[in-house]
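Values in this text are rule-based calculations from the coordinates and carry no lab data. All values derive from a computational prediction rather than experimental measurement. A quick note on method: Cβ atoms are made from the backbone with ideal geometry, for glycine too, and the neighbour counts reach across all protein chains shown.
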Amino acid sequence: MIRVQNLVKNFGTFTAVNDVSFDVNEGEIFAFLGPNGAGKTTTIKMLTTLLKPSSGTIQLDGLDPQTQQNEARKRFGIVFQDPSLDGDLTAWENMEIHGVLYHVPHKLRRQRSEELLKLFELWDRRKDQVKKFSGGMKRRLEIARGFLHTPKILFLDEPTLGLDPQSRNQLWSHVKKVNEAERVTVFLTTHYMDEADRVAHRIGVIDHGRLVAQGTPREIKEQTKTETLEEAFLALTGSTIRDESADPAAAMRQFAKMWSGGRR
Amino acid sequence: MSAIYILWLREVKRYVRSRAQIVASLGQPLLYFLALGFGLGPVFQRAGYGSYLQIVAPGVIGMSVLFSSIFSGLGLLWDRQFGFLKETLVAPVSRLQIMIGRTLGGATVAVVQGLLVTALCLLFGFRPVNPWLIPLAIAFMIAIALVFAALGVAIGSSLQDMQGFQLIMNFLVMPIFFLSGALFPLSNISKVLLTITKLDPLSYGIDGMRSIYLGRSAFNPATDALVLTSIGVVLLVIGAWRFSRIEI
């Protein structure tokens, strides 16, 4: 479903993604792990048409996201690291706009919005403005919205960041449900190794822009002769802390935190 | 088309729902109108220039349209990182449609805001020479709104963080307002100031409204309309171009 070959992305002299190749099969949940600044988000941006690769090829369901942009976009849904809901609109209206932008026919749009909101336990709150939602509810709504246009692939960029264990659990069980029911391929990144271990069928570990390991969670643990995925991760990527230099997005995030009083 | 419509509708809905903000944003223009209109009025009258209240009303209306439209554009900076806009940038819709929908939405809101301020001014003593010409003045409001919504989009697409926002506010938005002749008539001012004023697009919008409301103007209503339209077209093209270049 996703095929990446020799993918490279340079920013000036800095190589953010260096010769990465991997395949994700249809219906698979693939976790993309790596320390901060390893190249996860850059890779997702290239996969989702937002960034142009320096070299290498990407295929999403057989399509090139660069040359067949709109066709490729119809085939995936994405949940960004930062919230992308409209807080002044209701949950239902957020779904509606998404449906219109993705050209989902009126009748199907309503029917699917209803199904998804019910599945993600948001149906009773559909007429409430999203700004009144908790962090977990917002995340669930974003994921429900991502499924609305029946994508073949769903990208989740650190979807559980800042959520409590209950919300995280619930979120993953919902994602798994749709993954099984609709055979949607899921490509996710997370910093919670236990989540990746539990949810993902296969894992890729990226560090300094290079893919350092890939396989099932069990294979990766065996490869590194460790007990848990967290230990395996540290064995692969070392224990030095990566300090990302503050990019504009990070500065904005800081600002957002200040204004929202630390809530997501 | 449906994408443009739904994005336009989004802006309008957001506006209608933010009642507290609507009331708050009416406060400033009203304060300018009342305090300056009644405060400077007597001096102005004695100098033989007629009623200052009538001069300042179109300026205050123009101000509210300017602020509302340019902020809707600048809001893009926020919207693309933490708002719904990011979602639209990966949707199978062209950037041009997104930009048009958003700009039209922002401009619509600005015009509504301008109409509310017009109504308040009328309530507190503003008397146009010919009330039947108000629709023509609305055309000027629409032109001002489009020019500055497009300018806002162009800048909002180019800014990287909130620091830039403050700079734009102090060195662009406020000068545009103060140097437009919104608060003073353009007759008998120094050559230097007049030249600067002529470089400010808002001057033509306010002059256009004055010519309709008061029956006198510094330039010429036809010139005003022509200049505003041309600047509007240029800014819309630049805005669309900058918007198409946004990377997130």
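Averaged across A:81-88, how many Cβ atoms of other chains sit within 10 Å of each residue's Cβ atom?
What the average comes to for A:81-88 is 6.
Return the subset of B:K13/B:K198; A:K52/A:K176; A:K52/A:K131; A:K9/A:K138; A:K127/B:K13 for which the Cα-Cα distance in this structure is over 25 Å, preserving the input order.
The answer is B:K13/B:K198; A:K52/A:K176; A:K52/A:K131; A:K9/A:K138.
What are the residues whose amide H is under 5 Å from the amide H of A:L188, where those residues sit 5 or more places off or on another chain and H is modelled from the backbone?
Long-range HN contacts for A:L188: A:F30, A:A31, A:F32, A:L156.
Could you list B:V233, B:V111, B:V56 so that the one with the fewest beta carbons within 10 Å of its beta carbon is first and the one with the most is last?
B:V233, B:V111, B:V56
With a 10 Å Cβ neighbour count serving as the proxy for reagent exposure, in which order, fewest first, do A:H103, A:H174 appear?
Result, fewest neighbours first: A:H103, A:H174.
Any idea how far the Cα center of the range B:80-151 sits from the one of the range B:164-227, in Å?
One Cα centre to the other: 18 Å.
Name the most mobile residue of A:K40, A:K127, A:K176, meaning the one with the largest mean-square fluctuation, in a Gaussian network model of chain A with Cα contacts below 10 Å.
Maximum fluctuation in the GNM of chain A, among the listed residues, is at A:K127.
Quick query: amide H of A:R210 versus all other amide H atoms, modeled in the peptide plane; which residues come in under 5 Å with a sequence gap of 5 or more or a different chain?
Under 5 Å from the amide H of A:R210: A:N18.
Determine the sum of side-chain charges near B:N130: Lys and Arg each +1, Asp and Glu each -1, restricted to other residues whose C-beta is under 14 angstrom from that of B:N130.
+3
Given all pairs of different Cα atoms, what value in angstroms does the Kirkwood hydrodynamic radius of the range A:2-257 take?
Taking the inverse mean of 1/r over all distinct Cα pairs, the range A:2-257 comes out at 19.0 Å.
Mind listing P(r) for the protein assembly as shown? All alpha-carbon pairs, 20 Å bins, whole percents.
Pairs per bin, as whole percents: 21, 46, 24, 8, 0.
Sort B:184-195, A:7-18, B:5-16 for me by packing, meaning the mean count of neighbouring Cβ atoms within 10 Å per residue, highest on top.
In descending order of packing, they fall as B:5-16, A:7-18, B:184-195.
For chain A, with the dipole built from +1 on Lys and Arg beta-carbon atoms and -1 on Asp and Glu ones, taken about the Cα centre, which of A:G39, A:T49, A:L117 lies farthest toward the positive end?
Value: A:L117.
Considering the convex hull of the alpha carbon atoms of chain B, report its projected area averaged over all viewing directions, in nm², one decimal.
In nm², the orientation-averaged hull projection of chain B is 13.5.
Quick one: which of B:90-98, A:177-185, B:73-81 comes out on top by average Cβ neighbours within 10 Å, and what's the full order, highest first?
So the peptides B:90-98, A:177-185, B:73-81, ranked by packing, come out B:73-81, B:90-98, A:177-185.
In which sequence would B:Y204, B:Y213 go, from the one with the fewest C-beta neighbours within 10 Å to the one with the most?
Taking fewest neighbouring Cβ atoms as first place, the list is B:Y213, B:Y204.
Which net charge results when you count Lys and Arg as +1 and Asp and Glu as -1 among the other residues whose beta-carbon is under 14 Å from that of A:H103?
Net local charge, A:H103 excluded: +4.
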